[in-house]
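K.L.:
Quick one: this structure, given as structure tokens, is what I'll be asking you about.
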Amino acid sequence: MLTGTKLRAFRKSLLAWFRQFQRDLPWRRDRDAYRVWLSEIMLQQTRVAAVIPYYERFLEHFPTVSALAEAPTEEVLRFWSGLGYYSRARNLQRAAQQIVAKHAGEFPEDQENALALPGIGAYTAAAILSIAFDQGHAVLDGNVARVLARLFAIRGDLREPARWQRLQRSADELLERKAPGDWNQAMMELGATICTPRAPQCLLCPVAKHCAARKQGIQEEIPEKRKKRTPVSVTLAAAVFVNPQGDTVLLPPPRTGSEKVGADHVPTLVSKMWHFPTIAVTGDPRTELERHLKSECALDKKRSSSGMLSLVALGRVRHSVTYRQITICAFRIPVAKLPLLDGAKAVALNELASVPISNLTRKIGRAALA
Ligand code: SF4
């Protein structure tokens, strides 16, 4: 661990580097807690470049915590549409509603109340409280953990609980308490731009002389790779009904836990937003989808002009969700009348964006239009 003069020199070098070279990012232009909070939630699992346009559009539409709390959830999801991990948006709005109800619309300044909000864990609370209110909480996420592990040449699985606690203690000890907001951002910035997962740029690193991994020449061996789960392949078949007016049918977001991959109905992993009728298949997608639509959706002579379904293949869309590799075979199905599916809504195929949908649904919709 660094102490005394070395610790002071380390802090000085890192802060000076951050203040001179930090990227100009929209959420760094002011320290309003709502903006910091929104950026931290959007940045979870998502690249900075992808977040920027969403962040700006979202803020323009929901400029305050109250505006977010009062908006219809569908509208919030629509502005999140394409960013993925939609539970983040739902939690964000639930937290906004709690902030309005319990904290007069102001983000709580104490850790306990911050942690009680939906979607706020230790990392996010530390980031918001330090950046917005200059409170002395050190952040620890994957980026910061990697930097610390290299600085102190810590080997092994960094997410292993005892090792993670040790990293948190190191983060706490390094924290510059005179400027915790800048300090946390400097650590994150170092991990994002210099001390990157692959090929860290040690020659440009402001704290290279303090780095144990670099001294030992093992910076690229840390962190050690985690064992990956064996990938599982899943095939889905999606139905894009289209009537003569160019309308299609979308199903509502599945209720969490109500449907499973491998069952006959829409797996929750295909989309937690509005989506085309989709089933998991094990054999020929066309045959299985046709059989499913005829039996379960009651799509018979009363609802289709000819009683026959004509499935036009739209190609395959590939998608990965954690260890699952998903192939979706989509079919365009011209019908005289749209089928009456439970909870479904009719939407113009060329205006799918008017409801909250995922990138996957958007991609299938585009293929059907083409
Ligand atoms: S010297 Fe290299 S490995 Fe060490 S902290 Fe800097 S960039 Fe990371």
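The values are calculated or read from the model by the stated rules, or taken from the named source; none is laboratory data. These numbers were taken from a predicted model, which means no experiment stands behind them. For neighbour counting, all protein chains shown are included, and Cβ atoms are generated from backbone atoms with ideal geometry for every residue, glycine included. We work out accessible area using only protein heavy atoms, side chains counted, and drop any ligands, DNA or RNA first. Shrake-Rupley method; radii C 1.70, N 1.55, O 1.52, S 1.80 Å.
K.L.:
Using Cα springs under 10 Å in a Gaussian network model of the chain, which residue among 331, 152, 276 shows the largest mean-square fluctuation?
P.N.:
Taking springs between Cα atoms under 10 Å, the residue moving most is 152.
K.L.:
Also: Determine the shape class of segment 27-78: with a ≥ b ≥ c the square roots of the Cα gyration tensor eigenvalues, call it rounded for a/c under 1.5, and otherwise prolate if a/b is greater than b/c, oblate otherwise.
P.N.:
On the way: a/c = 1.96, a/b = 1.29, b/c = 1.52.
Note, shape of segment 27-78 comes out oblate.
K.L.:
Could you derive backbone 3J(HN,Hα) for segment 207-212 from the dihedral phi with the Karplus parameters 6.51, -1.76 and 1.60 (θ = phi - 60°), listing whole Hz in sequence and x where the residue is Gly or Pro?
P.N.:
Whole-Hz 3J(HN,Hα) from phi for segment 207-212: 10, 4, 6, 9, 8, 5.
K.L.:
Please compute the alpha carbon radius of gyration of the chain, then divide it by the globular-protein estimate 2.2 N^0.38 Å. Two decimals is fine.
P.N.:
On the way: Rg = 24.7 Å, N = 370, 2.2 N^0.38 = 20.8 Å.
Relative to the rule-of-thumb radius for its length, the chain sits at 1.19.
K.L.:
Which GluC sites (Glu not before Pro) in segment 77-152 pass both tests, a DSSP loop state and at most 14 other beta-carbon atoms within 10 Å?
P.N.:
Numbers: sites: 106, 109, 112; in loops: 106, 109.
Hits after loop and neighbour filter: 106, 109.
K.L.:
Tell me, what is the 1.4 Å probe accessible area of residue 6, in Å² to the nearest 10?
P.N.:
Roughly 130 Å² of residue 6 is accessible to a 1.4 Å probe.
K.L.:
Going by alpha carbons, how many degrees (0 to 90, nearest 10) lie between the helix axis of 4-21 and the longest principal axis of the chain?
P.N.:
With rounding to tens, the tilt is 50 degrees.
K.L.:
Given only helices, namely DSSP H runs of n ≥ 4 each adding -39500 (n - 2.57), what is the per-residue ellipticity at 222 nm of the chain, to the nearest 500 deg cm²/dmol?
P.N.:
Working: 14 runs with 157 residues, N = 370.
Here the helix-only value at 222 nm equals -13000 deg cm²/dmol.
K.L.:
If a paramagnetic tag sat 7 Å from the Cα of residue 101 along the Cα-Cβ line, which residues of segment 40-58 would have the backbone N under 14 Å from that point?
P.N.:
none
K.L.:
Just 28, 198, 146 to compare: in a GNM of the chain, with alpha carbon springs under 10 Å, which one fluctuates most?
P.N.:
Comparing 28, 198, 146 in the GNM, the peak value goes to 198.
K.L.:
Say the cut-off is 21 Å between C-alpha atoms; which of 12/225; 272/363; 12/209; 6/215; 102/272 go over it?
P.N.:
Table pairs above 21 Å Cα-Cα are 12/225; 102/272.
K.L.:
May I pose another question? Picking from 19, 229, 35, which is most flexible by a Gaussian network model of the chain using Cα springs under 10 Å?
P.N.:
Maximum fluctuation in the GNM of the chain, among the listed residues, is at 229.
K.L.:
Calculate the spin-label point distance for residue 340 paired with residue 94, positioning each point 7 Å from the Cα along the beta-carbon direction, and give it in nanometres.
P.N.:
Here the modelled spin labels are 3.4 nm apart.
K.L.:
Any idea how far apart residue 113 and residue 201 come out in nm if each label point goes 7 Å out from Cα toward Cβ?
P.N.:
My value for the distance between the label points is 4.2 nm.
K.L.:
Right, something else. What residues qualify as long-range amide H neighbours of residue 247, i.e. H under 5 Å apart, gap of 5 or more or another chain, H built at 1.01 Å from N?
P.N.:
Amide H neighbours of residue 247, under 5 Å, 5+ apart: 349.
K.L.:
So, one more: For segment 174-182, just list the computed ³J(HN,Hα) in residue order, Karplus coefficients 6.51, -1.76 and 1.60, θ = phi - 60°, integers in Hz, with x standing in for Gly and Pro.
P.N.:
Calculated HN-Hα couplings, in order: 6, 3, 7, 6, 7, 8, x, x, 5 Hz.
K.L.:
According to a simple spin-label model (label point 7 Å from Cα along Cα-to-Cβ), what is the distance in nm between residue 85 and residue 354?
P.N.:
Each label point is offset 7 Å from its Cα along the Cβ direction, giving 3.2 nm.
K.L.:
Using the Karplus curve 6.51 cos²θ - 1.76 cosθ + 1.60 with θ = phi - 60°, work out ³J(HN,Hα) for each residue of segment 121-127 in order, rounded to whole Hz, and write x for Gly and Pro.
P.N.:
Rounded to whole hertz, the list is x, 4, 5, 5, 4, 4, 5.
K.L.:
At a threshold of 8 angstrom on Cα-Cα distance, excluding pairs fewer than six apart, so keeping six or more, what relative contact order does the chain reach in percent? Numbers along the way, then the final one.
P.N.:
Numbers: 580 pairs, mean separation 57.7, N = 370.
Answer for the chain is 16 percent.
K.L.:
Expressed as an acute angle from 0 to 90° and rounded to the nearest 10, what is the orientation of the C-alpha long axis of helix 285-296 relative to the principal long axis of the chain?
P.N.:
Orientation of helix 285-296: about 70 degrees from the principal axis.
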